[in-house]
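Below: the structure, in structure tokens.
Coordinate-derived values only; no laboratory data. Please read all numbers here as calculations on a predicted model, not as lab measurements. A quick note on method: Cβ atoms are made from the backbone with ideal geometry, for glycine too, and the neighbour counts reach across all protein chains shown.
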Number of protein chains: 2
Amino acid sequence: MTDQIITLDYGSGGKLTNQLIRSLFLKYFNNSILNQLHDGAILPQTKKRIAFSTDSYTVSPLFFNGGNIGDLAIHGTVNDLAMCGAIPKYFSVSFLIEEGVTLQTLEQITCSMAEASRRTGVEIVTGDTKVVNKGDIDGIFINTTGIGFIDNDVHIHPGSAQVNDVIIVNGPIGNHGISILASRENLQLEENVISDTAPLAELVQEMLSVTKEIHVLRDPTRGGLATALNEIAQSSQVEIEVLEEKIPIDTMVRDTCKILGYDPLYLANEGKLIAFLPEQFAEKALRRMRGNKLGEQATIIGRVIASGRAEVFLKTDIGGKRLLGMLSGEQLPRIC
Amino acid sequence: MTDQIITLDYGSGGKLTNQLIRSLFLKYFNNSILNQLHDGAILPQTKKRIAFSTDSYTVSPLFFNGGNIGDLAIHGTVNDLAMCGAIPKYFSVSFLIEEGVTLQTLEQITCSMAEASRRTGVEIVTGDTKVVNKGDIDGIFINTTGIGFIDNDVHIHPGSAQVNDVIIVNGPIGNHGISILASRENLQLEENVISDTAPLAELVQEMLSVTKEIHVLRDPTRGGLATALNEIAQSSQVEIEVLEEKIPIDTMVRDTCKILGYDPLYLANEGKLIAFLPEQFAEKALRRMRGNKLGEQATIIGRVIASGRAEVFLKTDIGGKRLLGMLSGEQLPRIC
């Protein structure tokens, strides 16, 4: 079926929709709940709190250095659940497809989603497919919505940052933003910048095995590190100080930003987290994180210095101190 | 803010996204879970099974006779959960917005979603907003994903239809399809056809108060009544017979179909359900349904006549019998 293209009939809800579901989605996503083909998925009872998160993915181009819209759509929602301290479990997937997309493209993306789900222990249990006329959408957009379960002793919340908390990031920032930009604009970089798209749920569980006293977790996606820190400062009403020299940034990302006039602190990441926790647990958490491939370069970048005022300061390499605001304006549309 | 338009900055994840969330979404959807602004919503424990369903809405035009994309997006997912016998409870909402849409339009839609949620007892607890370049999407698309809870003694399933089950529909079919068509093509009908968009969860709970022995529920949306019956026939491996004269169709819908060459059995509905249940409960269920505004015209349209073969037959008004297939091809794109 690889030469075929998606026509409007595939989204009619009739014969071809049915065929697409059976030959593609059931084949790749295969599990006992999805296979029921009910109007909704029926999930077993649980005694845990439920984490519930949604994201629509519109990344352009569909395929980029390090991933594609399919695995990105799984990782992104896995990460949102992980930032609640949850173990991601059940996903819905909704495809919006432009008439004329090839079945081969859709199959590649579906296959990536299936692989990413398997690696993260997630089951895709329900879905939806809409096909719209050529020109009514650009290519393929995907919504994933996820359910995860939270252990009773975990209480992570953006409003829980406390004075003297240290702030950890799990690795270098800005790679996803520059990777998409390079793919989109056909930039010939000296060295390829690869998106950091990755699922963070396992890393978070490892951190929680060190201490349940993690106060805040956040994945700095759109808006980047600076915006995520500002959101936490606002939710917790605290003053944050980060040290420029401590923020890990790969050389190629740094150089590309300089040439093109981007600030890496505002670039999107898709496999990064920032954690706020009491200093006493920091060293042990860092050691544990560095044992995980996704935390090898984990490091402390700053701390909460006061409460009562929502502000984020950057101590610069040359000893200055400047206020770091939220992203204003748009750096790169359709980055995720 | 009604004169303003949505620019890419509103989807950046930065300042304007934050402002949009606070001034629009928190204002209308206001509830204690959403107000946390966590990466995901944290929902309390439950002892019931969870129903989980997703749908992306692409209806064109955004506003039509009887509703708009906003209430449609709530009703549609409410209905998918209701067809599992669930009581809908928590929703995620994800907006895809074309740069240039007015804030007024977005506010009208948001307001309709809030009203529809309140009427159905649903809380919108988490969300996402993406803005894409002009031309990358046509207007506004919305994904809603819902969580509902199922009582322990309810076991509704598309594969549970049994021989001698009667088939009930809650009212006339095809109104949504013709309403959208009329709005889209500016048809001047003698009498306006109004979409049947409505939430069916309450009606379903009333039916379940008569008997838990409802075997199958399905809302015949895209693909219409004929396609829904075929899906059930396939899942349950049964032969179904419906009587043409018993299927309620409003005169204006019937006449418009005749003129334009549409078959009402394949037109989309957004406030209709078909129920399969043992004959012994049918009269009592019908009486109960007719006491609900959404079931006033509820009637028996057919029955399951044999098992082992998945087929749907229509006994026509003139005494003939013909095989009723699934929708093949596309009647109307972007109908929901």
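Just a few scattered comments:
- Cβ neighbours within 10 Å from other chains - mean over A:4-13: 5
- Anisotropy class of chain A from Cα gyration tensor, a/c 1.5 cut: oblate
- 18 Å Cα cut-off, lysine pairs counted over the stretch B:240-336 (separation 8 or more, or different chains): 5
- Rounded to the nearest 0.05, the FRET efficiency derived from the C-beta distance between A:Asn30 and A:Asp255 at R0 = 45 Å is 0.50.
- Once you reduce the stretch A:131-202 and the stretch B:263-323 to the center of their Cα atoms, the two points are 47 Å from each other.
- Using the Cβ-Cβ distance between B:Leu243 and A:Gln19 with R0 set to 30 Å, the FRET efficiency works out to roughly 0.55.
- The mean number of Cβ atoms from other chains found within 10 Å of a Cβ in peptide B:55-63 is 4, as a whole number.
- Only Lys, Arg (+1) and Asp, Glu (-1) charged, at Cβ; the stretch A:165-323 dipole about Cα centre in debye: 260
- The modelled label-to-label distance between B:Glu283 and B:Asn133, using points 7 Å beyond Cα along the C-beta direction, is 6.7 nm.
- Within the shell defined by Cβ-Cβ distances under 15 Å, the residues around A:Lys315 carry a net charge of -2, with Lys and Arg each +1 and Asp and Glu each -1.
- Mean-square fluctuations from a GNM of chain A, with a 10 angstrom spring cutoff on Cα atoms, peak among A:Pro220, A:Pro88, A:Pro278 at A:Pro278.
- Nm distances between copies for B:Lys293, ranked from closest, using label points 7 Å along Cα→Cβ: 5.7
- Cα gyration tensor shape for the stretch A:165-323, rounded if a/c is under 1.5, else prolate or oblate: oblate
- Extending 7 Å from Cα along the Cβ direction at B:Arg118 and again at B:Glu213 yields two label points whose distance is 4.1 nm.
- Under 20 Å of direct C-alpha separation, and excluding same-chain neighbours fewer than eight residues apart, A:Lys134 reaches these aspartates and glutamates: A:Asp3, A:Asp9, A:Glu98, A:Glu99, A:Glu107, B:Glu98, B:Glu99, B:Asp136, B:Asp138, B:Glu185, B:Glu330.
- FRET efficiency for A:Asp317 and A:Glu190, using Cβ-Cβ distance with R0 set to 22 Å, rounded to 0.05: 0.40
- The lysines whose alpha-carbon is closer than 19 Å to the alpha-carbon of A:Lys15, local same-chain residues fewer than 8 away aside, are A:Lys27, A:Lys130.
- For the segment A:320-333, counting C-beta atoms of other chains within 10 Å of every residue's C-beta and taking the mean gives 4.
- Taking chain A as a Gaussian network of alpha-carbon nodes connected by springs under 10 Å, the highest mean-square fluctuation of the residues A:Asp80, A:Asp317, A:Asp255 belongs to A:Asp317.
- Note on chain A: GNM, Cα springs under 10 Å; of A:Thr251, A:Thr299, A:Thr221, the largest mean-square fluctuation is that of A:Thr251.
- Rounded tilt (10° steps) of A:201-210 against the dominant C-alpha axis of chain A: 40
- Using alpha-carbon coordinates, inclination of helix B:224-236 to the longest axis of chain B, degrees: 70
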